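Accompanying notes for the structure given below.
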Amino acid sequence: MKKYNSFFAIALLTLSLIASGNENKNIKKVIFDTSIHCNNCSDKLFNSLPKESGVIDLEVNVEKKEVTVVFDQQKISVDILAEIINKLGYSAYIKKISNYSEDKQ
């Protein structure tokens, strides 16, 4: 019985590691060049983007006029993110897209 429990535990751990590896491939990071210029612009973005399904993290750099979004590409696309930023009244040009797991290393 112990052998079966150990085998089952190892199989379950292996499956969970495979599943988490596949999940991470869907996590992307995009940096937009935008027309933001003040803290009110930043607040407007922080009050809108994190509420969208699939948005995991948001970083706004007013000095560089950059908006960085970490997102699940199975739930939301780069184009939709840009559209949301545009609807808030700002330009949004893609500067860089990368896999989030690559950027963390």
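FYI, it's all coordinate maths here, none of it is from the lab. All values reported here derive from a predicted model rather than from experimental measurement. Cβ sites come from the backbone with ideal geometry, for glycine too, and all protein chains shown count toward neighbours.
Viscosity 1.567 mPa s, temperature 4 °C: Stokes-Einstein D of the range 26-99 from its Kirkwood Cα radius, in µm² per second? List each step's numbers first, then the result.
On the way: Rh = 11.9 Å.
D = 109 µm²/s.
Take residue 24 and residue 101, extend 7 Å from each Cα along the Cα→Cβ direction, and tell me the distance between the two endpoints in nm.
0.5 nm
Can you tell me the dipole magnitude for the range 33-101 around its Cα centre, using point charges on the Cβ only (Lys, Arg +1; Asp, Glu -1), in Debye to the nearest 20?
On the way: 8 positive and 10 negative charges, 18 e Å.
Its charge dipole is roughly 80 debye.
Could you check the spin-label model distance between residue 51 and residue 73? Points 7 Å from the Cα along Cα→Cβ, value in nm.
2.8 nm
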